[in-house]
Every structure is written in structure tokens, then in C-alpha cells.
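S.K.: Below you will find the structure I want to go over with you.
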Amino acid sequence: MYKIKTFVAVFAFMVASAFTTSPGYKVGDVATDFNLKNIDGKMVSLSNYKDAKGFIVIFTCNTCPYAVAYEDRIEALNKKYASKGYPVIAIMPNNTDVKPGDNMEAMQARAKAKGFTFPYLMDEGQKIYPQYGATKTPHVYLLQKSSKGNVVKYIGAIDDNYQDAAAVKTKYVENAVDALLAGKEIKETETRAIGCSIKV
């Protein structure tokens, strides 16, 4: 009886540990590269960007109202920082069987309608977003190139007001990129991403 109770207790602990362990990258981790299809049909990797100082990787989609609310701000981030060495790389992580409005054709149409100037990649097979630990759309991972690789420097939300761009008080991503460009420490390295859950 004692052995059975011990086994049950150990098993319960292992199950609990499996669910409480937070997957994905933490600030300071080195992110592995990926090779994903862009809306133009070409494959895109971080290694393609030889002159980049880092990347603003954003998991986003067409169908989430939060993601749609941030589209113009994501475009503005790319226009502001791509020329400074921090381009936006957008990745669509949803299962398109569950969300057909996020399929490649829909992504292409949305990018054309909005005039996206950044790559909009399909996480086919949903292999990349779990590596990062993304849970929402949008969810940002700011990476900085180093001798070790692409180091995660910030994780979380774009800013503090998804409803109204004009009412934003703190621009988390801009503050983080500006700090990196100035060679300073990022004051706020992690915030809570606000958005729709990624559909599996």
C-alpha cells in the first residue's frame, strides 16, 4: 500500500511539474534560427539579414481583433527601425484548419491591402511558436545579434493600450529597441502579452 501511495505521489508531482514548467525562451536565452515561407513564396531565415543588429519578431495573424488593432503600429515599427538594424519579422502561428482566415492566401491579401513592408511568414506545422513560448497574437520577442547568436532581450506586448494607439503611455518595444541602439540596459524586459490565444 505504501509503495502504491508513493508511486501516486511521485506521478502527481511529475504531472504537476510538466504543467508548471513554462516553455519557451526567457530573456537572455539564445533563439534558434528558422526557415519559414513568406507571403511572396520565398523562404526567410534570420540569417538572411546579414546587416541586421537584431530583430523584432512578432507572432500575429489576420483574424484576431487585437492583432488587427496593432497592424498599423507593427508597420510603423518596421518603418522606424528596419533602417536602424531592427526589422520586423511577423510570423502567423495559428492552425489554419481552425482559422482558415489565416491561411496563406488570406495572409497575402491582408498584407497587400495594408501595404505591409515586413515579411509575413507562415509557421507551417506550428513548430516555431512553441520554441519561443508565444501564447498570444500579437506576442513580441526582441532579439539582439551577438557573438553567441540572437539573444532574447524583451518579451511581451507592443505597448500598454491595444484599444487606442493615441492613448498609449508606454511604448514597450520602442523603449527596448531605443535602449539597445543607445547601448543602454532595457528597463522593462518583460510584459504580459495581450491578445487572442494561438489556435492549435
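S.K.: Can you tell me which residue is nearest to Cys196 (Cα to Cα) among those in the range 125-152 that are in contact with a Phe, Trp or Tyr (Cβ under 6 Å, 6 or more places away or on another chain) and in a loop (DSSP other than H, G, I, E, B)?
M.R.: Taking the candidates together, the pick is Pro138.
S.K.: Oh, and also: For the range 179-200: of the residues being of a type in the set (Lys, Arg) and out of contact with any strand residue (DSSP E or B) (no Cβ under 7 Å at 6 or more places or on another chain), which is farthest from Gln163 (Cα to Cα)?
M.R.: Lys184
S.K.: When the range 20-52 is examined, which residues are found to be part of a loop (DSSP other than H, G, I, E, B) and charged (D, E, K, R)?
M.R.: Selection gives Lys26, Asp29, Asp33, Asp40, Lys42, Lys50, Asp51.
S.K.: Any chance the range 28-36 includes a residue that's at pLDDT 50 or above, among the polar types (S, T, N, Q) and within 17 Å of Gly149 (Cα to Cα)?
M.R.: yes
S.K.: Would you please name the residue that is farthest from Ala67 (Cα to Cα), looking only at residues in the range 154-198 that are within 19 Å of the chain's Cα centre (by Cα) and loosely packed, with under 12 Cβ neighbours inside 10 Å?
M.R.: My answer is Arg192.
S.K.: Just one of Met107, Met122 is closer than 25 Å to Ser83 by Cα, modelled with pLDDT of 95 or more, of a type outside the set (D, E, K, R) and touching a Lys or Arg at 6+ places or on another chain (Cβ under 6 Å); which is it?
M.R.: Matching residue, one of Met107, Met122: Met122.
S.K.: In the range 154-200, what residues are assigned to a loop (DSSP other than H, G, I, E, B) and of a type in the set (A, V, I, L, M)?
M.R.: Residues satisfying the conditions are Ala157, Ile158, Val168, Ala182, Ile186, Ala193, Ile194, Ile198, Val200.
S.K.: Checking Ser83 against (1) under 25 Å from Asp33 (Cβ atoms); (2) modelled with pLDDT under 95; (3) not β-branched (Val, Ile, Thr), which test does it fail?
M.R.: Going through (1) under 25 Å from Asp33 (Cβ atoms); (2) modelled with pLDDT under 95; (3) not β-branched (Val, Ile, Thr) one by one, Ser83 breaks only (2).
S.K.: I've got another one for you. Please count how many residues of the range 84-103 are in contact with a Leu (Cβ under 8 Å, 6 or more places away or on another chain), surrounded by 24 or more Cβ atoms within 10 Å (Cβ to Cβ) and in a loop (DSSP other than H, G, I, E, B).
M.R.: 1
S.K.: I'd like the full set of residues that are surrounded by fewer than 21 Cβ atoms within 10 Å (Cβ to Cβ) and either of a type in the set (Lys, Arg) or modelled with pLDDT under 95 (or both), limited to the range 126-146.
M.R.: Of everything in the range 126-146, those that are surrounded by fewer than 21 Cβ atoms within 10 Å (Cβ to Cβ) and either of a type in the set (Lys, Arg) or modelled with pLDDT under 95 (or both) turn out to be Lys127, Lys145.
S.K.: Quick check on the range 100-110. Is at least one of its residues touching a helix residue (DSSP H, G or I) at 6+ places or on another chain (Cβ under 9 Å), without any contact (Cβ under 8 Å) to a residue 12 or more places away in the chain and of a type outside the set (Asp, Glu)?
M.R.: Scanning the range 100-110 turns up at least one residue that is touching a helix residue (DSSP H, G or I) at 6+ places or on another chain (Cβ under 9 Å), without any contact (Cβ under 8 Å) to a residue 12 or more places away in the chain and of a type outside the set (Asp, Glu).
The values are calculated or read from the model by the stated rules, or taken from the named source; none is laboratory data. Since the model is a prediction, treat every value here as computed from it, not as a measurement. Please note: Cβ atoms are built from the backbone with ideal geometry, for glycine as well, and neighbour counts cover all protein chains shown.
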